[in-house]
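Just below is one structure, and these are the notes that go with it.
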Amino acid sequence: MLVEGSIRWQITEDCPRDLLLALALRELGELSAICEEQIPPAAPPLDPVDLRGIDTEALAAQWRGWWAGIVRRATRPFISQVRPPHFEVFDRALELQELVYNCYDQAMTWVEDRHAEYLRTVAARDHPLADAYELVQRRQFELRRQSGSFRLDFEVLPVRGSGAWVVAPDTVVISKALRDDPVAFREWLKPVVVALV
């Protein structure tokens, strides 16, 4: 996780494996149209798995419950609780547990590939969060005062297209395409910083 800020404000950026896994399972379970629909499908896509014997309405409800618990950095477990062989974290979400049993290896291969891509992209930047830091500093200079207190967490996910979606009061999902385009990212971030600072 990348962190930038001061005592008063903090901006973080991450590409958490649990969110990548949730995105993969949403695709594998064909849930994109009914779970967090504003966030586009994964890129590259995953082929759906056979859902015979799985109640898709219950699966969607269980996925939404899991997503709500992991989407915010403050409530996401530091170490993923989705672990083989029994996936105990889903003992009360049996449809989701069954989906994970059916496609864990496929999902984790996709997750690890996407996470490695993200790390390579971050390593290629001169300073990982320089753009955010510079925008906050410039805004403070314009206002001739320090920023008020705020925290903003960016979760970078590999989804189709370029965009950003507020998923919690302090959490924004950002497409990999938007984050990888420095000019577009700064243009998107500028009004956000103006509003927060």
task = Select from Glu27, Glu13, Glu57 the residue whose mean-square fluctuation is largest in a Gaussian network model of the chain (Cα-Cα springs shorter than 10 Å).
result = Glu57
ask   = Looking at the chain, do any whole DSSP H helices span at least 18 angstrom along their long axis by alpha carbon and average -1.0 or above on Kyte-Doolittle, and which?
value = 56-70, 94-124, 130-143, 182-196
query = In deg cm²/dmol and to the nearest 500, what is the mean residue ellipticity at 222 nm of the chain if only DSSP H runs of at least 4 residues count, each as -39500 (n - 2.57), divided by the residue total?
reply = -15000 deg cm²/dmol
Top of Glu98, Glu187, Glu117 by mean-square fluctuation, Gaussian network on the chain, Cα under 10 Å = Glu187
message = Under the rule a/c < 1.5 gives rounded, and otherwise a/b versus b/c splits prolate from oblate, where does the range 81-197 land using the Cα gyration tensor?
response = prolate
remark   = If one builds a Gaussian network model of the chain from Cα atoms under 10 Å apart, the most fluctuating residue listed among Gln137, Gln62, Gln97 is Gln137
query = Rg to Rh for the range 57-110: what is it, with Cα atoms only and Rh by Kirkwood?
reply = 0.95
ask   = So in the range 133-197, what percent of DSSP beta bridges are antiparallel if you round to the nearest 5?
value = 45 percent
inquiry  = Within the chain, what whole-number % of the accessible surface is contributed by carbon and sulfur, with the 1.4 Å probe and all protein chains included in the calculation?
reply    = 53 percent
ask   = So what does log10 I(q)/I(0) come out to for the chain at q = 0.08, 0.12, 0.18, 0.19 Å⁻¹, using the Debye formula with one equal point on every Cα and no solvent?
value = -0.29, -0.62, -1.21, -1.32
message = For the range 66-112, what does the accessible surface come to per residue with a 1.4 Å probe? Please give it in Å².
response = 59 Å²
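The values are calculated or read from the model by the stated rules, or taken from the named source; none is laboratory data. Values in this document were obtained by computation on a predicted structure and should not be read as measured data. Accessible surface is based on the protein model in full, side chains and every heavy atom, while ligands, DNA and RNA are left aside. Shrake-Rupley method; radii C 1.70, N 1.55, O 1.52, S 1.80 Å.
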